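Q: Structure incoming, see below.
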Amino acid sequence: MLIENILGAAETLFTLPTLALMVLGVAAGLITGAIPGFTITMAVVLTLPFTFGMSPIQGLATMLGVFVGGLSGGLMAGILTGIPGTPSSVATTFDGFPMARQGQPGLALGIGVWASFCGGIISAVLLMTLAPQLARVGLEFGPWDFFSLVMFALTITASLSGDNLVKGLIAGSLGLLVATVGSDEINGVARFSFGFDPLEQGFAFLPVLVGLFAFSQLLSDVQDRAKARRPLMPAGTEAVRVEHLRAIGTVLRQWANLIRSSLIGVFTGILPAAGGSISNILAYDQARKASKTPEQFGTGSPEGIVAPESANNATAGGALITMMALGIPGDIVTAIMLGALLIHDVVPSPTFISDQPKLAYGIFMAFFIANFIMVAIQALCLRAFVLVTRVPMYMLAAVILAYCGIGIFALNNIVFDMWTLFLFGMLGLAMKTLGFPLAPMILGVVLGHIAELNLNRALSTSDDLTLFLTRPWSLFFLILGAFSMFFPHYQKLRGQVHWTLVYPSAMALCLAVPLFMMGGAVRPIIAGVLAMFGVWMLWRHKQRGWTLQDEVRE
Amino acid sequence: MARSKRDILTAVFLLILTCVFYAATFTIKKTSFGTVGSEVWPRAILIGQGILCILYLAKALRGAYTEEEGQGGGLVGWFATYRNALVCFALYAVFLITLPYAGMLIGSILFVFLLLNFLGGWSAGRMAVHGAVAVFSMGAMWAVFTFGLRVILPEGEILRIW
């Protein structure tokens, strides 16, 4: 069955136009990812209009190319200039830039590229093996469970995307509200049109997304007049040659670091909202803790390049696992891909992989192949990156702003979509200026329909609201959602106030309850382990007399 | 530390917006079919949003958010900070308003040309470069969408193509 699906997918994927589009996508991603200020999300968003006329597999393969290219492109700027191209490569600069300054930029780039490649391949293998299994678990979900999963995705996004949880949650609810404007999917009734005809159809998803993300990002990039007029990077990176063979040897010698960081990346990607920007720092931190020479971190240690680069590329696979198996995007990029699938009338859900194996396995394979393409064309893109960085930011911004308009018009051939782009561009910039994170709002817009549909189904089946608490999966996600709201405070105050001593134990004990309720053999065992862990943690703190970190130091 | 007036005003604005939308849920048509009314989900969101806005306002009033440096200067200071963004928005609005007359090709070239000059400067040399960038980039983009992707972009009244 697996071989059959892979062969079927290969038939659609291994065509000259599709592969050519993937090469273009990876190249575009590498260059865009390398330009500081341009995010991977923006690159994927800007690719979208070109994919409307393509088949679903071609469109998604192109976007996956951009995604993988963008994740790897960030390291070029980070290593050569010390300014990370994307938030996913922040930790790469800690050791990549010092190594480049020590006269080994080619080795630093090589380690980064091959670590990215290995991380991508490990996560591609996990994607192909885990996604169908997770989809099987997803088949157990009823509407109550899906609704609670969406709520969890929103709360964790709000809590992880900024310092202020309240602002994050408001952004999420604004996103949900935007999704309600227009015709109600279930009853077909117009909502919040305020007598304005175009609003009766609601806002198209992509103009909202491009406006909120790309438009507002470009405007903040040109806000500083002097900075906007300067070339993006100073010259002086032309002579770099990537040392592939030496880099491969260095990366493979650190197989434990590579596998650990890739697994951190995949796990972070599976969590809704936690993307490459978090995984690269987490992996770097863990690599330093596990290293025999932690003192060398920050001075040009190869371990410090392998960890973040393998983790950020592996995050992409993790984010795709959640999207493919449950229809819930793992991060903003996969949220956009979800939107792209919807444009092609493909709705990801737990039955997606079994219903559309050709497309699903095509996506798996496209992600796998994109990593090979990335390595192959990386050297070419290094030169293009050098050329692009000589252009001042304001020129790129002005051209891309106009392109956003043309691309958005091409979606439905209506000018109202361009006004939507304009409106949400203003809203996005205002929100950024006022300190509201955009990620929860975007996720709210994407998940609003799924939440409403499932709430409607749940309430139509039974008006008993306690089902949200008595169904194990629903309870599981609600508990996760509740604890995720306190997670930023826990991180900030860990060991400083007493409640943080109880937080992990309480979470483990609470999560054990729905797992016990699920029945079977494996889940109650996991629940038992979790419960024992919780009790052990409590016992340990009791033995220590509930002492805080500060008290221990004194 | 000074309380952030900006956050207080934002919280009040969001509360008003929530109230306006909540009131608008009463105008949503009730249907005889469907178990759950179309107004249920928006109301649930708005109730949650209202609570969050009250929390936000309370935090802002308590001084949880403080004014950042560089926010002073009144209206002139604000205009100076957001000058580029405001110019971009204004030009984009003009581009959209004039789209039925100028069309996508001429409109986008003019938009890019004017925006480049506003952001990059009006010297003769720069204007020549900006003109070339606008014509080539937008011309290429227009050609890709029109001939490559077969999208019929608005042609406008000035230049009829089809």
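Q: Among (1) under 30 Å from residue A:434 (Cβ atoms); (2) loosely packed, with under 15 Cβ neighbours inside 10 Å, there is one condition residue B:101 misses while meeting the rest; what is its number?
A: So the condition that residue B:101 fails would be (1).
Q: Based on what the data block shows, is residue A:366 in contact (Cβ under 8 Å) with a residue 40 or more places away in the chain, aliphatic (A, V, I, L, M), assigned to a helix (DSSP H, G or I) and in the same structural domain as residue A:149 (by TED's automatic domain parsing)?
A: Yes: the conditions hold for residue A:366.
Q: Do we have residue B:106 as more than 7 Å from chain A (Cβ to nearest Cβ) and surrounded by 14 or more Cβ atoms within 10 Å (Cβ to Cβ) here? Write out each step before concluding.
A: Numbers: more than 7 Å from chain A (Cβ to nearest Cβ): yes; surrounded by 14 or more Cβ atoms within 10 Å (Cβ to Cβ): yes.
When the stated conditions are applied, residue B:106 passes them.
Q: Right, something else. Report yes if some residue within segment A:308-329 is under 24 Å from residue A:122 (Cα atoms), in a loop (DSSP other than H, G, I, E, B) and not hydrophobic (A, V, I, L, M, F, W, C); otherwise report no.
A: yes
Q: Can you tell which of B:33, B:21 is within 25 Å of residue A:147 (Cα to Cα) and either touching a residue at least 12 places away in the same chain (Cβ under 8 Å) or not assigned by TED's automatic domain parsing to the domain that holds residue B:62 (or both)?
A: Working: B:33 fails: either touching a residue at least 12 places away in the same chain (Cβ under 8 Å) or not assigned by TED's automatic domain parsing to the domain that holds residue B:62 (or both).
When all the criteria are applied, what remains is B:21.
Q: Take the residues of segment A:105-135 that are buried (at least 24 other Cβ atoms within 10 Å of the Cβ) and hydroxyl-bearing (Ser, Thr, Tyr): which is farthest from residue A:252 (Cα to Cα)?
A: The selected residue is A:123.
Q: For a quick check of your reading: which helices (runs of 4 or more DSSP H) sit entirely within segment A:373-478 and have at least 3 residues that are closer than 25 Å to residue B:151 by Cβ and more than 9 Å from chain B (Cβ to nearest Cβ)? Outline the logic, then answer.
A: Values: elements: A:393-412, A:415-433, A:439-461, A:467-470.
Ranges flagged: A:393-412, A:415-433.
Q: State whether the residues of segment A:238-249 include one that is more than 9 Å from every other protein chain (Cβ to nearest Cβ), of a type in the set (A, V, I, L, M), crowded, with 17+ Cβ neighbours inside 10 Å and over 30 Å from the mean Cα position of the chain (by Cα).
A: The answer is yes; a qualifying residue exists.
Q: Would you please name the residue that is surrounded by the fewest Cβ atoms within 10 Å (Cβ to Cβ), looking only at residues in segment B:146-162 that are outside any loop (DSSP other than H, G, I, E, B) and modelled with pLDDT of 85 or more?
A: By that ranking, first place goes to B:147.
Q: Here is a further query. Mind checking which residues of segment A:278-307 are in contact (Cβ under 8 Å) with a residue 12 or more places away in the chain and either part of a loop (DSSP other than H, G, I, E, B) or of a type in the set (Phe, Trp, Tyr) (or both)?
A: A:284, A:291, A:297, A:298, A:299, A:300, A:301, A:302
Q: Within segment A:9-55, work out how many residues are of a type in the set (Asp, Glu) and within 14 Å of chain B (Cβ to nearest Cβ).
A: Here the count works out to 0.
Q: If I go through segment A:196-223 residue by residue, how many of them are out of contact with any Leu (no Cβ under 8 Å at 6 or more places or on another chain) and at the interface with chain B (Cβ under 8 Å from one of its Cβ atoms)?
A: The total comes to 1.
Q: Has segment B:81-95 got any residue that is of a type outside the set (Ser, Thr, Tyr), within 7 Å of another protein chain (Cβ to nearest Cβ) and in contact with a Pro (Cβ under 8 Å, 6 or more places away or on another chain)?
A: For segment B:81-95, residues of a type outside the set (Ser, Thr, Tyr), within 7 Å of another protein chain (Cβ to nearest Cβ) and in contact with a Pro (Cβ under 8 Å, 6 or more places away or on another chain): absent.
Q: Select from segment B:15-45 the residues that are crowded, with 22+ Cβ neighbours inside 10 Å and within 7 Å of another protein chain (Cβ to nearest Cβ) and write down the one among them that is farthest from residue B:57 (Cα to Cα).
A: Ranking the candidates gives B:38 first.
Q: Now for a separate question. Out of everything in segment A:184-195 that is over 18 Å from residue B:26 (Cβ atoms) and more than 7 Å from chain B (Cβ to nearest Cβ), what residue ends up being modelled with the highest pLDDT? Break it down into steps so the answer makes sense when it comes.
A: Going through segment A:184-195, the residues over 18 Å from residue B:26 (Cβ atoms) turn out to be A:185-186, A:188.
Narrowing the set further to residues that are more than 7 Å from chain B (Cβ to nearest Cβ) leaves A:185, A:188.
Details: A:185: 79, A:188: 84.
Looking at the filtered set, the residue picked out is A:188.
Q: So, one more: Any chance segment A:293-303 includes a residue that's farther than 21 Å from residue A:247 by Cβ, at pLDDT 85 or above, out of contact with any strand residue (DSSP E or B) (no Cβ under 6 Å at 6 or more places or on another chain) and assigned by TED's automatic domain parsing to the domain that holds residue A:157? Show your work before the answer.
A: Here is the first cut: in segment A:293-303, the residues farther than 21 Å from residue A:247 by Cβ are A:294-295.
Pick out the ones that are also at pLDDT 85 or above and you get A:294-295.
Within this subset, residues satisfying the condition of being out of contact with any strand residue (DSSP E or B) (no Cβ under 6 Å at 6 or more places or on another chain) are A:294-295.
From what's left, assigned by TED's automatic domain parsing to the domain that holds residue A:157: A:294-295.
Within segment A:293-303 (the criterion being farther than 21 Å from residue A:247 by Cβ, at pLDDT 85 or above, out of contact with any strand residue (DSSP E or B) (no Cβ under 6 Å at 6 or more places or on another chain) and assigned by TED's automatic domain parsing to the domain that holds residue A:157), the answer is yes, since at least one residue qualifies.
Q: Taking into account only those residues within segment A:427-448 that are surrounded by fewer than 20 Cβ atoms within 10 Å (Cβ to Cβ) and in contact with a helix residue (DSSP H, G or I) (Cβ under 7 Å, 6 or more places away or on another chain), which is farthest from residue B:5 (Cα to Cα)?
A: Per the stated criteria, the residue is A:432.
The values are calculated or read from the model by the stated rules, or taken from the named source; none is laboratory data. Remember, it's a predicted structure, so these values are computed and weren't measured experimentally. All Cβ positions, glycine included, derive from the backbone under ideal geometry; neighbour counts span all protein chains shown.
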